[in-house]
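**Q** Before I ask anything, let me first share the structure, which is written out below as structure tokens.
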Amino acid sequence: HTFEKAQILKTILETEGIEVYIHNVNQIQPVVSAGVRVRIKESDLPHALRIIEDSKWLSEDTQEEVAAPQVKKILIPVDFSDYSLKACELGFNFAKEFGAEVVLLHAYFSPIYASSLPYGDVFNYQNQIAEEESMKDMIQIVHKELNILSDKIKEKVKIGEFPDVKYTCLLREGIPEEEILRYSKDNSPIITIMGTRGKDQKDIDLIGSVTAEIIDRSHTSVLAIP
């Protein structure tokens, strides 16, 4: 979760007598699925799940009634892996069949946390400079990867492997699952199509944590491609 949501969840669970630990994941060199993990003892899991389901701690993600969009959209979250290209193949054909547009969404995580660390001003200032440089490098890499993916799609359309449908590329800063869910809530795509695994996952993983989170919390249909 985001750090703020992790703190809210930690407070709620601890008031019910559940021991909670917050673990920061890869803050120095953030990866696509980086974030903050909330961990509890396995024996407390059933109790914790009941608390989470009963309380509305994620109320801001509750789906509201919205007017049907005029343009049908198919959302394809991408992380520039072969899994993403496979999802694009199915998504583009799906869009052709249903007269829809494709939205390719990539979210990148970039925590800014130095100012909250309990150290001196000089340390924080030096970290801030380093973070800004790291952020610039990350954005450049993301844009490059997105352009490469777009070129691959254009080539596949040109040779007839993909149907020629309208598509747009969208970049968002944030934790991927949160940004995918937020886009889905705001724009109500007719379906979200994504791979079951992310770029950095091992073959032993049957389904990735981001995909699992989207399947669990999305209010629109999700199609996960093995």
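**Q** Leaving ligands and nucleic acids out of the surface, order F109, F98 by accessible area at 1.4 Å, largest first. Intermediate values should be presented prior to the final figure.
**A** Details: F109 35, F98 100 Å².
Ranking F109, F98 by accessible area, largest first, yields F98, F109.
**Q** In the neighborhood of G99, defined by Cβ-to-Cβ distances under 14 Å, what is the net charge if each Lys or Arg adds +1 and each Asp or Glu adds -1?
**A** Result for the local shell: +1.
**Q** May I pose another question? Can you work out the FRET efficiency for the pair I159 and I52, with r the C-beta to C-beta distance and R0 = 30 Å, to the nearest 0.05?
**A** Values: r = 48 Å, r/R0 = 1.61.
In this case the efficiency is close to 0.05.
**Q** Shifting gears a bit: Given a Förster distance of 45 Å, report the FRET efficiency between R39 and D137 from their Cβ-Cβ distance, rounded to the nearest 0.05.
**A** On the way: r = 31 Å, r/R0 = 0.68.
That gives a FRET efficiency of 0.90.
**Q** Beyond a 19 Å Cα-Cα separation, which of these cross-linked pairs lie in this structure: K72/K156; K96/K154; K86/K152; K73/K152; K86/K154?
**A** Values: K72/K156 23 Å; K96/K154 15 Å; K86/K152 12 Å; K73/K152 21 Å; K86/K154 15 Å.
Result: K72/K156; K73/K152 exceed 19 Å.
**Q** List the lysines whose Cα lies under 18 Å from the Cα of K41, skipping any in the same chain that are fewer than 8 positions away.
**A** Partners found: K10.
**Q** Cut-off 19 Å, label point 7 angstrom out along Cα-to-Cβ of I22: give me the residues of the range 152-196 whose amide nitrogen falls inside.
**A** 174-179
The values are calculated or read from the model by the stated rules, or taken from the named source; none is laboratory data. Just so it is clear, the model here is predicted, and its values are computed rather than measured. Cβ sites come from the backbone with ideal geometry, for glycine too, and all protein chains shown count toward neighbours. SASA here: full protein model, heavy atoms, side chains in, ligands and nucleic acids out. Shrake-Rupley method; radii C 1.70, N 1.55, O 1.52, S 1.80 Å.
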